[in-house]
Structure formats: structure tokens, C-alpha cells
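Here is the structure we will look at.
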Amino acid sequence: MTNQFTNKQPWRFAIAPKPMTAEQTEELNRLVGQMSGFVKMMMGVADNVALTVMKDAHDRIQDVRSKESYEERPRRVHPGYRFRAKGLLMDAEREAARWRTRLLYPSQGELRFFHVDDMPEEARRKYGAMTDQEYFEFWTATGAGAYQRSLPLVRSLWWKFAKSMEQHGVRASEQTAWGLTALTVLQLAVETFERSMRSVNEAMDGRLSADFMERIYKPFSLRRVCDLWQQGLVALSPETATYKLSSAEERNIELGVEQLRELWISPTTPFESLAGAVNDYDELFASKSVRHSVLSDINQMRMEAEKDVQRLKEETIREKVMGIKN
């Protein structure tokens, strides 16, 4: 079974840290190609959910609604949404657009993560006349299902922030809370990228330096978007940079973040999100039978991943019990 996002030849430049034989280079290509599939699976969830939450928050800060709803209630744009704040929050959205462009159309010498001809032959045969653009849209669609799964936890985080801000006298507390919720989710996406890099480095077992591997996959990081959004949020509502959560509020919010973190890294979420994208983009596959075969493979990989997680949990419990006995 092949991960739909695995690359057979993920780069177009020499990466060997030292002279290598043709066999060693081929093995290294294979490993990094597999790692690219893992990174795209994880970040397909985290990045696309975070960007959707950011877009939702920006709409709420601007009070973007249907024209009919304005008849029921006048538009209420956040009072701080002007000049520097407006510019920075819009810069974050523009940076997100540039982030997508760089992933789809990398500069010369950079890795091609969404080039159809770089897919392994086994995976490529399953698709019809798919373009690079469709391949990229198929990847971003994995975030749609994950977003729906994440939404209850995101709304719970927003409510906690809004309640706290109202008590602390932060102006436009509900809209500001959406901005802070988006920042929290963006920061979690950046953290997920960093965790993925640690997993990749462990899998590579020192064959390439950690810094080098991070440079390879850096295009998936939302760090720049996150930084711009944070600057915009502080300009929008300076109180967010100074007001302090109580210890109880902090624990409550951290619990919500931890629940979202666990949802994203669980084996169920990425594989079920991928299955949802396969169903949404059924026209990309060579035939219905091929699509059903892909769904079966995804389900098999999900079950294997869940078994691995359960085995790790059992080993951790045994180690703790043995530690207590000793």
C-alpha cells in the first residue's frame, strides 16, 4: 500500500551530506519520499484547519455576513480594525495565499511536493488525467473533514477566551476572542510541524541532519502567517498582549488545546480526512473500482496505525507499572 502523498523523487538537487553510492542514494530518496507522505498527511490536517479558522476569525472581526442578515442587525466591525491592525491581518491572509503558491509552484531548486509525475507509479496509475493543481486541491481537501471534526473544540476554545476577556474588560470581547482562538490554532499548527520534523529525524536515524531535513519541509510551516496574525491581533486589541489569564483559566484553555492536539495527531483524523477527500474528488480516479480500492487501502493503514498507537500505550503502561514495582 502506498500513501497517496508519497513522492518517488521529492527533490531535484543533490542532498547527500557525504559521497554515497548509487544504491545508498536510491535508498535515501526512497526514505525521504516516504517521509514526505507522512509530512503531507499530518500538515494536510493541521495547516488547512488552521488557515480555515484564521479566515473565519477574520470574517468575524470584520462582521462579514449575508446582506439579508444586515437588515436584522447593523454591521459591527471590530473597533480596532483599522490602519495597522487591518493591514497586518490582511498581510497574514496574503501570506497564506503566497504559502499555497510556494507549495504548488516551488522556485527552481526547491522541492516539488505536488508534482503529479513525482508520484510513485503504483499510486499514479490510480488517477486519471490529474493536474498538479488538482493534486494540490485534493491535499487541501483533507483539511475539510478535519475542520469539521475540530470545530466543536475550536468553538469551545473561543467561548473560554470570550468569557475570560469579558471579565477582564477587553473591548469587543467576542470578536477579539475569535482572533486569539485563530492565533492559538495557528500556533498549534506550527507546533505540529515541529513535532513532525522530530518524527522524521527519528525515522531517518541521523542519515541527514535535523536542520537539513527541516529546510526540506519548511514550506509546510505556517510560522510566517502565524507571526503576522499575532502582530495584527496585538494592533487590533493591545489588551491581548498584557492581560493575564488566571491559573484556572489557563488550565482550562490548555486542556482545550490538548484535546485539539490529540485530535490532529490521532491516527483516525488524518486517514478519515483523506478518505473524505477521496470521496469528494472521486472524478480524479481512473474508475470507481480504483477509488474503492484506495478507500480500502486507507482504511487498512488507519487500522494498522491504531494498532501501533495501542501497542505504544500498552508498552508505556507496562513501563510505568514496572517502575512502580521496582
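The values are calculated or read from the model by the stated rules, or taken from the named source; none is laboratory data. Remember, it's a predicted structure, so these values are computed and weren't measured experimentally. So basically every Cβ, Gly included, is an ideal-geometry build from the backbone, and we count neighbours across all protein chains shown. In case anyone asks, the SASA skips ligands and DNA or RNA and just uses the protein heavy atoms, side chains included. Shrake-Rupley method; radii C 1.70, N 1.55, O 1.52, S 1.80 Å.
Just give me the residues in the stretch 169-188 being within 15 Å of residue 46 (Cβ to Cβ) and open to solvent by 30 Å² or more (accessible area, probe 1.4 Å), in sequence order.
Result: 187, single match.
Could you list all residues from the stretch 201-236 that are over 25 Å from the mean Cα position of the chain (by Cα) and either exposed (fewer than 15 other Cβ atoms within 10 Å of the Cβ) or over 16 Å from residue 180 (Cβ atoms) (or both)?
Hits for the stretch 201-236 are 206, 207.
When residue 150 is evaluated against the numbered criteria (1) among the hydroxyl-bearing types (Ser, Thr, Tyr); (2) open to solvent by less than 30 Å² (accessible area, probe 1.4 Å); (3) more than 17 Å from residue 222 (Cβ to Cβ), which criterion, by number, is the only one it fails?
It fails just one condition, (3).
Enumerate the helices (runs of 4 or more DSSP H) found wholly within the stretch 170-272, keeping only those where 3 or more residues are modelled with pLDDT of 95 or more.
On the way: elements: 173-204, 210-217, 223-236, 247-265.
By residue number, 173-204, 223-236, 247-265.
Just one of 166, 239, 191 is touching a residue at least 60 places away in the same chain (Cβ under 8 Å), more than 23 Å from the chain's Cα centre (by Cα) and surrounded by fewer than 20 Cβ atoms within 10 Å (Cβ to Cβ); which is it?
Testing whether each residue is touching a residue at least 60 places away in the same chain (Cβ under 8 Å), more than 23 Å from the chain's Cα centre (by Cα) and surrounded by fewer than 20 Cβ atoms within 10 Å (Cβ to Cβ) leaves just 239.
Residues of the stretch 36-61 being at pLDDT 95 or above and either farther than 19 Å from residue 226 by Cα or open to solvent by 20 Å² or more (accessible area, probe 1.4 Å) (or both), which ones?
52, 55, 56, 59, 60
In the stretch 120-147, which residues are open to solvent by 40 Å² or more (accessible area, probe 1.4 Å), over 22 Å from residue 102 (Cα atoms) and in contact (Cβ under 8 Å) with a residue 40 or more places away in the chain?
Within the stretch 120-147, 121, 122, 125 meet the criteria.
Just for the stretch 109-130: of the residues that are assigned to a loop (DSSP other than H, G, I, E, B) and of a type in the set (Lys, Arg), which one is nearest to residue 33 (Cα to Cα)?
112
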